Amino acid sequence: MASKVFFSDLRATKDRNLLDKIRALMDALEPAKHFKRGSPTAIKIHFGERGNTAFIRPLLIQPIVESTIKAGGKPFLTDANTLYIGSRGNAVDHLNTARSNGFSPSVVGAPVIIADGLDGNDEVPVPVKLKHFEHVYIGSAVARAASLVSVAHFKLHEMSGFGGALKNVGMGAASRRGKMAQHCDVAPLIHEDKCVGCGTCAKVCAQGAITLKSRAEGAGTKRGKLKKLATIDGQRCVGCGMCIHTCPNGAIDINWATALPSFLERMVEYTVGALKGKERNSLFFNFLTQISPACDCYPHADAPIVPDIGILASLDAVAIDQASADLINGQAGLPSSCLEGSALEPGSDKIRAVYPMIPWEHQLEYAEQVGLGTRAYELVTVG
Ligand code: SF4
Ligand code: SF4
């Protein structure tokens with residue numbers, strides 16, 4: 001049976017502004033039936049890396065917080081720390097970044113709690129008994145919350161093709177150990193012909209996995225010049241992908257030979273764990289605004305690939321992500337973005353155009369297979 005995915009566009013009038021429309025989307029989900037009265041409700045969001053500009057505007061979270069309180073929940077905003085060096089790698093930096101990006105209690109109307117504590121180790125092992133994991137490790141603030149509202153900025157992503165509800169909850173709520181478990185086996189490759197030995201990648205690697213080694217340049221030379229080349233220690237690498245985006249010469253790439261589908265499955269199994277015990281107490285919002293070609297984890301956001309579309313809400317994490325991907329691919333691409341040629345056509349696969357090697361549908365297929373929801377949806381326009 002198809003799941004309902006409620007949709008609101010971004011048109012507004014003086015009598016009905018965007019905040020009213022978000023409230024209407026929340027009402028459509030009948031939150032009082034899903035929240036455990038008087039119990040903590042985790043509003044799982046991405047606060048954006050410092051310098052990123054595509055994350056959801058804090059003001060737009062206000063109506064979700066207000067509606068949660070009205071429906072009996074006790075909301076707090078949350079996210080877990082990151083694996084890579086950046087502005088959200090521990091709770092102090094993370095809270096400072098959240099505040100500077102506007103997520104302060106005075107704006108959003110709820111406290112901000114970092115899900116996995118000061119250094120990413122405050123976790124709860126959750127049994128899932130699936131193909132890859134017996135247990136997954138979820139940030140305790142999410143694991144212990146009685147209800148959950150996922151508020152995801154839907155955008156493209158360099159490891160998963162797209163990041164929506166499934167990734168916001170699965171990767172986003174995982175503790176440090178949980179994130180490492182999802183990324184194992186995905187150490188990137190160095191293209192030696194492109195590497196100039198600048199060392200930029202080694203500086204951003206939080207695991208100390210990259211070193212510069214001297215190698216003889218050019219085959220057959222008697223006294224070949226020594227060239228510095230980056231090398232990655234696969235034992236230390238946790239596959240966070242930070243070096244890929246940092247290399248100024250495009251010399252680091254995802255190792256496509258390793259099983260990307262397996263990474264997507266691990267991420268989905270973490271989504272199962274994060275929702276465990278609150279499968280009937282979780283709501284999902286996807287904001288299809290400023291749809292950037294990469295994650296909000298980067299300290300910048302490239303131009304959106306399609307025009308702003310609207311906001312989706314559902315009780316089904318799979319249906320809402322499928323609907324979001326379909327809506328984006330149905331749009332004409334923006335010529336001012338990184339899309340080119342036929343990728344600009346309405347109906348073309350924008351996700352595959354940017355990340356041709358990522359089987360993005362697999363996270364949806366596997367999520368459906370493990371019972372997280374259905375890819376069949378009915379789009380219902382609200383307001
Ligand atoms: S891989 Fe890129 S960032 Fe690293 S040393 Fe080589 S050129 Fe520099
Ligand atoms: S080498 Fe591995 S751990 Fe280090 S930045 Fe690159 S992907 Fe991350």
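The values are calculated or read from the model by the stated rules, or taken from the named source; none is laboratory data. All of these numbers come straight from a predicted model, not from anything done at the bench. Cβ sites come from the backbone with ideal geometry, for glycine too, and all protein chains shown count toward neighbours. Only protein heavy atoms, including side chains, enter the accessible area calculation; ligands, DNA and RNA are left aside. Shrake-Rupley method; radii C 1.70, N 1.55, O 1.52, S 1.80 Å.
Structure summary
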| quantity | calculated |
| --- | --- |
| Verdict on LYS213 being in a loop (DSSP other than H, G, I, E, B) and either of a type in the set (A, V, I, L, M, F, W, C) or within 16 Å of ligand 2 (Cβ to nearest atom) (or both) | no |
| Members of segment 230-240 found to be open to solvent by 10 Å² or more (accessible area, probe 1.4 Å) and either assigned by TED's automatic domain parsing to the domain that holds GLY164 or within 16 Å of ligand 1 (Cβ to nearest atom) (or both), listed by number | THR231, ILE232, ASP233, GLY234, ARG236, CYS237, CYS240 |
| Qualifying residue in segment 250-263 (condition: modelled with pLDDT of 90 or more, within 13 Å of ligand 1 (Cβ to nearest atom), of a type outside the set (Asp, Glu) and part of a loop (DSSP other than H, G, I, E, B)) | yes |
| Residues of segment 166-197 satisfying the condition of being in contact with a His (Cβ under 9 Å, 6 or more places away or on another chain) and over 19 Å from CYS243 (Cα atoms) | LYS167, ASN168, GLY172 |
| Options VAL370, VAL380, VAL318; residue that is under 22 Å from MET26 (Cα atoms), of a type in the set (Val, Ile, Thr) and open to solvent by 10 Å² or more (accessible area, probe 1.4 Å) | VAL380 |
| Of residues in segment 285-315 being closer than 20 Å to GLU378 by Cβ and more than 14 Å from the chain's Cα centre (by Cα), the one most open to solvent (accessible area, probe 1.4 Å) | LEU315 |
| Matching strands (runs of 3 or more DSSP E) fully within segment 127-202 where at least 3 residues are under 23 Å from ASN286 (Cα atoms) and either in contact (Cβ under 8 Å) with a residue 12 or more places away in the chain or within 16 Å of ligand 2 (Cβ to nearest atom) (or both) | 147-153, 155-157, 161-163 |
| Yes/no for PRO75 being free of Cβ contacts under 8 Å to residues at least 60 places away in the same chain and more than 16 Å from ASN121 (Cβ to Cβ) | no |
| Counted residues, segment 36-52 - those being at pLDDT 95 or above and not small (Gly, Ala, Ser) | 7 |
| Filter result for ILE244 (assigned to a helix (DSSP H, G or I), buried (at least 18 other Cβ atoms within 10 Å of the Cβ) and within 16 Å of ligand 1 (Cβ to nearest atom)) | yes |
| Pairs with Cβ under 8 Å, 6+ apart, first in segment 42-64 and assigned by TED's automatic domain parsing to the domain that holds ASN17 and under 15 Å from TYR84 (Cα atoms), second outside any loop (DSSP other than H, G, I, E, B) and open to solvent by 30 Å² or more (accessible area, probe 1.4 Å) | ARG50/SER100 |
| Scan of segment 142-170 for residues that are surrounded by fewer than 24 Cβ atoms within 10 Å (Cβ to Cβ) and more than 30 Å from ILE351 (Cβ to Cβ), ordered by number | ARG144, ALA146 |
